Amino acid sequence: MEQRDERRPVPLLRALGGMLASPGATFASFPARQPWFVPLLLFSLIGAVTQGLVAAVIAEALAAQAGDLSQQAGLPAGGTGSVVQFVRLVSLATGIVVGFSGPFFQVLVTAFVVWVLAMIVRQRLPFAQLFSLATYAYLPHVFGTLVFTLLVVSGAYDPMATPGAWPTSLRVLIPAGTGAFLAGLAQRIELFGLWSKVLLGIGLAAAARRASGWGIGVAVAGWLLLAVAGSALGSLVPGPGNWPAATGGAPGLGGGIPR
């Protein structure tokens with residue numbers, strides 16, 4: 001372990017490229033304190049931009065719905081315009097903030113759960129080291145975000161038809177009447193997310209000097225724990241799918257994106 005601590009940090013571009021070309025060898029070359037701030041900041045900036053673009057599309061749909069509701073409530077034209085503008089700004093700001101902060105919180109929660117599971121199986125690793133591994137293993141989520149944004153902006157995918165679900169998740173194949181728990185679980189079974197967990201498992205195995213199967217097993221167990229807990233909590237919260245449809249809207253959250 002001391003030998004690894006004495007190694008110099010792997011440069012950012014080589015580390016990210018290694019996640020694609022040779023993750024096992026790349027993780028094995030990481031020192032115990034591989035820097036994580038710059039890659040996480042990069043992921044957060046990409047998240048802010050992509051979520052901002054998606055939020056701009058969703059904001060137009062929500063603004064149209066808010067305008068219809070305001071008119072039905074008898075608000076004057078000036079009041080309706082103010083409500084529509086407010087909804088646009090709030091939706092856009094929320095998307096940017098969530099996109100920027102999302103990577104940090106996801107990495108933090110993932111690292112904490114894996115840290116606890118590693119201690120349960122009697123494998124002690126510094127939390128800072130696991131946080132760094134989880135940061136680099138987050139890279140597939142960035143690719144997924146880019147794909148999702150491209151599909152939404154191009155109009156190929158309606159994010160309001162299945163709120164919160166990526167087109168690469170099992171959720172898009174589940175019938176609309178499926179129970180909230182199963183739907184939430186299917187939403188978390190997602191291609192880029194599973195890729196990320198495999199990467200994390202490889203990194204965990206390299207850090208613990210164990211077989212890759214062991215690390216992937218721990219990472220998948222952590223993902224399953226979070227997926228089940230998140231789906232159970234999500235099933236207790238009613239979704240906003242009963243909003244009235246916007247004029248010309250496609251089926252979905254409040255009628256989906258107006259065509």
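Working carefully through the options Phe104, Phe112, Phe131, find the one that is among the hydrophobic types (A, V, I, L, M, F, W, C), farther than 24 Å from Gln187 by Cα and assigned to a helix (DSSP H, G or I). Reasoning before the result, please.
Values: Phe104 fails: farther than 24 Å from Gln187 by Cα; Phe112 fails: farther than 24 Å from Gln187 by Cα.
It is Phe131.
All of (1) at pLDDT below 95; (2) part of a helix (DSSP H, G or I); (3) closer than 30 Å to Ala15 by Cβ hold for Leu199 with one exception: (1).
Of the numbered criteria (1) among the aliphatic types (A, V, I, L, M); (2) over 16 Å from the mean Cα position of the chain (by Cα); (3) within 14 Å of Ala207 (Cβ to Cβ), the one Ala111 fails is (2). When Pro23, Pro31 are checked against the criterion of being within 27 Å of Trp223 (Cβ to Cβ) and modelled with pLDDT of 95 or more, a single residue qualifies: Pro23.
What single numbered condition from (1) closer than 30 Å to Ala32 by Cβ; (2) modelled with pLDDT of 95 or more; (3) surrounded by fewer than 22 Cβ atoms within 10 Å (Cβ to Cβ) fails to hold for Ser132? Only one criterion is unmet by Ser132, namely (3). Within the set Ser196, Ser169, Ser154, the sole residue that is polar (S, T, N, Q) and surrounded by fewer than 19 Cβ atoms within 10 Å (Cβ to Cβ) turns out to be Ser154.
The values are calculated or read from the model by the stated rules, or taken from the named source; none is laboratory data. The model shown is predicted, which means the values in this text are computed figures rather than measured ones. So basically every Cβ, Gly included, is an ideal-geometry build from the backbone, and we count neighbours across all protein chains shown.
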